[in-house]
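Trainee: The structure that follows is given in the form of structure tokens.
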């Protein structure tokens, strides 16, 4: 009798598995099964890109399959995949990863009409990719630990003994690595290398910008380097991770006032070249940029004259340093940071 | 991540199995053609498992010493080594102390409610370590450092020691202890001098498993910012894809795994503690705890509140915090079920020939095949995935970013879970039945379908179930290898909790636990069967 029971259990387990294995093909998002779907390698916020993809699909009937990853992970993956890369559109959070793919000669020229939708300040001179969003570097500080008078004047001040052990960052993330790439372009390898060494000795490591904000709010550290939207997002929400904090903008063309441009580009090898160009055009269009401005992610829109969310400090008031996003050297930053023992 | 494993529970009955094998002289007789077929499946499966180590050796040769030296010989790597080793040591010690103490309380004392406690002590296996970490980190401010990492991992992994030790305690012959007591040794002296040494194999086996899990753990440690080789490999992966630093750190990690495997083999020794001879082992006399029962009850309850209560509370709290579910959960659940089912089928099918050969055609070669499979699966998921993604890009592009490749990675990681279950299942069926069918003139095909498969069906089912369970909470290999557009419960949970969206992560955590819970119950039943075999 026990044998029969066991057999019944075994049988039903196996049947269940076979059924799910065969019938589960539709388990993924429907777009994943569409051979004509546009493949997007996405390092930009998932929710933002998902909204773009859904709006685009509704408008054009073209499905979009999204592979999510981090800036440099996907950039290097595309490079290694080479001509066989399934990626057709690449979207990032920061410019250095776009530069990696551009340097590998893997981008097609962006449609001139798309380039025209984005001002040159937030795009490239090469025309190989286009800005799709922007984010501002900020110093978030705990108001009960730091008075306004004692705020650092420059990103470089954080290397001073005065700030030793008092600030946090997430060097493993592409955001911080982009900020370092601006530092590298503006101040050179010597200064950057030394600053990273000092940082390693005196900073507190966090796994992400969210946790930096949380740590500053909880008073684990007095301040931290993050992008603006982490703070605004929490303020618009429960404020549980930012109630005790304020933002400090470095301004004055300081490396710490760096505005990071998120990029979008079409791969030279894209199977659906026209659709890919169309998607990029949509992202930078009024509708695409408005959806970005309205989203809870609170990045800055950069195209088609769309204004940022009213809560944000206007981009043009931030007095950012002028950097060439196409020449931000991500791989060298990763190497310098690896050498300094930060990642 | 906490991966349920059948190993601790099934290791215990092994002596009974091997006795049977030894008593049957006809085991090694083979019949040519079908054996060749079995080997034709078994050998490639095992060779597949050598890809990760081959990949690391290949990359090291290309880099050369001049390339390797600056990557590995620096302060950063020393710090990581110290982080990794200290966590492994603290966690293994913690698990051994908790596991052995809990097993003794449950099996050998008159503690009230022992049976319920015994069941609850296995339940933490249903809570993946990264869910545990999420719970603690989201509730306790400044939850960080070695102490936090140790707490979370001990709470997740102590059943790996508890299960086999409890099973071993049940199987022990108590006459040795009684002899010692008759010789006027105190109770503590008897426990230390007589009982503990007999638990050595079970304890070491469990501790080794804990150690290997620590080496492979990503989610739980990354969430609280505790850096180990595995977490930094992932960060390097995110910064460089498969850059040399990631690969070389993976190489070091593999060496750590090998060190653990060898250390366990060496420490286990050759001593034998099994009872020999017929008769029934005496039921142990239970120690009377007296007033000692109160601190014991308090300790066990605290342990369970920490390991089960905290995650349950956190998940409930965040879920009520207002997550709007959307279709994400359903989509992720379906792809998890699909990947789990495919992986379980493939892994069980691949394990069957190896297990069959290991039991029915015992010999040096078949044993070697079986052991190699164990070696691959002791490698962390991130190492296997890193190797597969690179190999597929360069040399096997048709399978790149396909479900097939993910399933292959699951096969490599979880083959032993299927092997252990199948092995026990096959060993329990009499080869004579097979022979009888042959003597009655049944064709080979008919024999397999009508006799062999029905006999080993329970083994097949439990093998598939355990692999399925391991896959349903797998994170790192899935993150790296999943086809475009595929998200599982584990990857979605990770994404949300990584961006501190605790509320959105909660339903995914709850679903993973709900999937694991029934299998944990099966595991408990299996381990309870080990009573005076």
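FYI, it's all coordinate maths here, none of it is from the lab. Keep in mind it's a predicted model, so treat the numbers as computed, not measured. All Cβ positions, glycine included, derive from the backbone under ideal geometry; neighbour counts span all protein chains shown.
Trainee: Based on the mean of other Cβ atoms within 10 Å per residue, sort peptides B:246-256, B:481-491, B:409-419, A:155-165 so the most packed one is first.
Mentor: Per-residue mean Cβ counts within 10 Å order the peptides as B:409-419, B:481-491, B:246-256, A:155-165.
Trainee: Express as a percent, rounded to the nearest 5, the fraction of DSSP beta bridges in the protein assembly as shown (both residues included) that run antiparallel.
Mentor: Of those bridges, close to 60 percent are antiparallel.
Trainee: Among DSSP beta bridges whose residues both lie in region A:135-258, state the antiparallel percentage, nearest 5.
Mentor: 65
Trainee: Another question, then. Could you work out, residue by residue across B:334-344, how many beta carbons of other chains sit within 10 Å of that residue's beta carbon, and then give the average as an integer?
Mentor: Taking all residues of B:334-344 together, the mean is 6.
Trainee: Return the calculated 222 nm mean residue ellipticity for chain A, to the nearest 500 deg cm²/dmol, obtained by summing -39500 (n - 2.57) across DSSP H runs with n ≥ 4 and dividing by the residue count.
Mentor: -13000 deg cm²/dmol
Trainee: Pull out a ≥ b ≥ c, the square roots of the eigenvalues of the alpha-carbon gyration tensor of region A:263-343, then state rounded if a/c is under 1.5, prolate if not and a/b is larger than b/c, and oblate in the remaining case.
Mentor: Judged from the Cα gyration tensor, region A:263-343 comes out oblate (a/c at least 1.5, b/c at or above a/b).
Trainee: For residue A:240 and residue B:86, FRET efficiency with R0 = 51 Å and r from the beta-carbon atoms, rounded to 0.05?
Mentor: That pair, residue B:86 with residue A:240, gives E of 0.95.
Trainee: Would you mind giving the mean number of other chain beta-carbons within 10 Å of the Cβ of each residue in B:393-400, as a whole number?
Mentor: Mean inter-chain Cβ contacts per residue within 10 Å come to 2.
Trainee: Using only the Cα atoms of region B:96-142, build the gyration tensor, take square roots of its eigenvalues as a ≥ b ≥ c, and label the shape rounded, prolate or oblate: rounded if a/c is under 1.5, else prolate if a/b is larger than b/c, else oblate.
Mentor: It comes out prolate by the Cα gyration axes.
Trainee: Stretch residue A:160-residue A:189 to full length: gain in nm at 0.36 nm per residue minus the Cα-Cα span?
Mentor: Here the segment from residue A:160 to residue A:189 would lengthen by 8.6 nm.
Trainee: If you count, for each residue, the other Cβ atoms within 10 Å and average over each peptide, how do A:245-253, B:211-219 line up from highest to lowest?
Mentor: B:211-219, A:245-253
Trainee: While we're here: Can you tell me the relative contact order of chain A? Whole percent, Cα pairs under 8 Å, sequence separation 6 or more.
Mentor: About 25 percent, as a whole number.
Trainee: To the nearest whole number, what is the average tally of beta carbon atoms from other chains within 10 Å of the beta carbons of peptide A:163-170?
Mentor: Per residue, the number of nearby Cβ atoms from other chains is 0 on average.
Trainee: Using Cα pairs closer than 8 Å and at least 6 residues apart in sequence, work out the relative contact order for chain B, in percent.
Mentor: Averaging sequence separation for qualifying contacts and normalising by length gives 26 percent for chain B.
Trainee: What 222 nm value per residue comes from the helices of chain B, counting each DSSP H run with n ≥ 4 as -39,500 (n - 2.57) and dividing by all residues, nearest 500 deg cm²/dmol?
Mentor: Taken over chain B, the calculation gives -24000 deg cm²/dmol.
Trainee: Nearest 5 is fine: what % of DSSP beta bridges in chain A come out antiparallel, could you say?
Mentor: 60
Trainee: Is the C-alpha gyration tensor of region A:190-343 telling us rounded, prolate or oblate? Criteria: a/c under 1.5 is rounded; beyond that, a/b larger than b/c is prolate, otherwise oblate.
Mentor: Since a/c reaches 1.5 but b/c is at least a/b, the shape of region A:190-343 is classed as oblate.
Trainee: Another question about this same structure. Order of B:397-406, B:375-384 by packing, highest average Cβ count within 10 Å first?
Mentor: The densest-packed peptide leads the list: B:375-384, B:397-406.
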